[in-house]
1. Only one residue in 112, 149, 102 is more than 14 Å from the ligand (Cβ to nearest atom), farther than 30 Å from residue 12 by Cα and free of Cβ contacts under 8 Å to residues at least 60 places away in the same chain. Which one?
2. Of everything in the stretch 116-127 that's under 18 Å from the mean Cα position of the chain (by Cα) and more than 10 Å from the ligand (Cβ to nearest atom), which residue is surrounded by the most Cβ atoms within 10 Å (Cβ to Cβ)?
3. Any residue at all in the stretch 158-171 that is in a loop (DSSP other than H, G, I, E, B), over 25 Å from residue 47 (Cβ atoms) and more than 11 Å from the ligand (Cβ to nearest atom)?
4. What is the residue count in the stretch 61-74 for residues that are surrounded by fewer than 18 Cβ atoms within 10 Å (Cβ to Cβ) and either within 14 Å of the ligand (Cβ to nearest atom) or more than 16 Å from residue 123 (Cβ to Cβ) (or both)?
5. Output the residues belonging to the stretch 79-99 that are part of a helix (DSSP H, G or I), in contact with a helix residue (DSSP H, G or I) (Cβ under 7 Å, 6 or more places away or on another chain) and buried (at least 19 other Cβ atoms within 10 Å of the Cβ).
6. Restricting attention to the stretch 116-145, report how many residues are under 28 Å from residue 167 (Cβ atoms) and without any contact (Cβ under 8 Å) to a residue 24 or more places away in the chain.
7. Going by the conditions given, is residue 102 at pLDDT 95 or above and exposed (fewer than 14 other Cβ atoms within 10 Å of the Cβ)?
Ligand SMILES: NC(=O)N[C@H]1NC(=O)NC1=O
């Protein structure tokens with residue numbers, strides 16, 4: 001899809017808006033359903049802020065549902081080629097499609113430990129990281145508390161969301 005302007009976003013039909021922004025938060029169409037009602041937006045910053053506010057306003061349980069909707073990095077869905085289009089590109093940009101078997105086994109061991117401890121997957125904005133910083137993130141964040149990881153995970157979802165919006169809308 002070629003980039004659209006904020007003016008075009010403001011004049012989209014409800015269905016169009018939901019279709020275009022339905023996965024800026026992974027598998028969370030409800031965000032687009034809610035945010036579309038906040039139109040018109042003054043600019044790109046305003047539009048991103050509305051999606052971020054949607055996340056901030058969720059209860060702790062709802063935030064956990066959002067985190068659980070994300071696929072593992074270099075996990076089973078990636079191996080099967082069953083990631084969303086957005087996740088596929090993001091994981092590729094961090095080099096996660098080209099891991100050595102040793103790196104793959106480190107990531108998968110930590111991912112499993114992380115999920116066992118927190119009950120949701122480790123989430124990091126792949127486009128802002130490379131394999132080394134992802135492994136370092138796994139090693140250090142696994143030591144945090146659940147509350148800290150809900151906050152950190154949602155902040156990473158916000159970064160992912162913003163970059164996905166920037167792929168769709170140009171100022
Ligand atoms: N687990 C995880 O971080 N997944 C995500 N990260 C990202 O940038 N895209 C994703 O799907």
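The values are calculated or read from the model by the stated rules, or taken from the named source; none is laboratory data. Predicted model, so just to flag it, every value in this text is computed and none were measured. Backbone-built Cβ (ideal geometry, glycine too); neighbour counts: all protein chains shown.
1. The match here is 102.
2. So in the stretch 116-127, the residues under 18 Å from the mean Cα position of the chain (by Cα) come out as 118-127.
Within this subset, residues satisfying the condition of being more than 10 Å from the ligand (Cβ to nearest atom) are 118-119.
Values: 118: 20, 119: 12.
It comes out as 118.
3. Step one: filter the stretch 158-171 for residues in a loop (DSSP other than H, G, I, E, B), giving 170-171.
Those left that are additionally over 25 Å from residue 47 (Cβ atoms): none.
Taking every residue of the stretch 158-171 in turn, none turns out to be in a loop (DSSP other than H, G, I, E, B), over 25 Å from residue 47 (Cβ atoms) and more than 11 Å from the ligand (Cβ to nearest atom).
4. Residues of the stretch 61-74 that are surrounded by fewer than 18 Cβ atoms within 10 Å (Cβ to Cβ), as a first pass: 61-62, 65, 68-69.
When the remaining residues are screened for being either within 14 Å of the ligand (Cβ to nearest atom) or more than 16 Å from residue 123 (Cβ to Cβ) (or both), the result is 61, 68-69.
Counting residues in the stretch 61-74 that are surrounded by fewer than 18 Cβ atoms within 10 Å (Cβ to Cβ) and either within 14 Å of the ligand (Cβ to nearest atom) or more than 16 Å from residue 123 (Cβ to Cβ) (or both) gives 3.
5. Taking the stretch 79-99 first, the residues part of a helix (DSSP H, G or I) are 79-80, 85-93, 96-98.
With the extra rule that they be in contact with a helix residue (DSSP H, G or I) (Cβ under 7 Å, 6 or more places away or on another chain), the set shrinks to 86, 90-91, 93, 96-97.
Listed by number, the residues that qualify are 90, 91, 96.
6. Going through the stretch 116-145, the residues under 28 Å from residue 167 (Cβ atoms) turn out to be 120-138, 141.
With without any contact (Cβ under 8 Å) to a residue 24 or more places away in the chain added as a condition, the list becomes 132-133, 136-137.
Qualifying residue count for the region: 4.
7. Numbers: at pLDDT 95 or above: yes; exposed (fewer than 14 other Cβ atoms within 10 Å of the Cβ): yes.
It is true that residue 102 is at pLDDT 95 or above and exposed (fewer than 14 other Cβ atoms within 10 Å of the Cβ).
Conditions (1) surrounded by 15 or more Cβ atoms within 10 Å (Cβ to Cβ); (2) more than 16 Å from residue 171 (Cβ to Cβ); (3) modelled with pLDDT under 95, marked per residue:
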position	(1), (2), (3)
5	no, no, no
12	yes, yes, no
19	no, yes, no
23	yes, yes, no
27	yes, yes, no
30	yes, yes, no
37	no, yes, no
43	no, no, no
49	yes, no, no
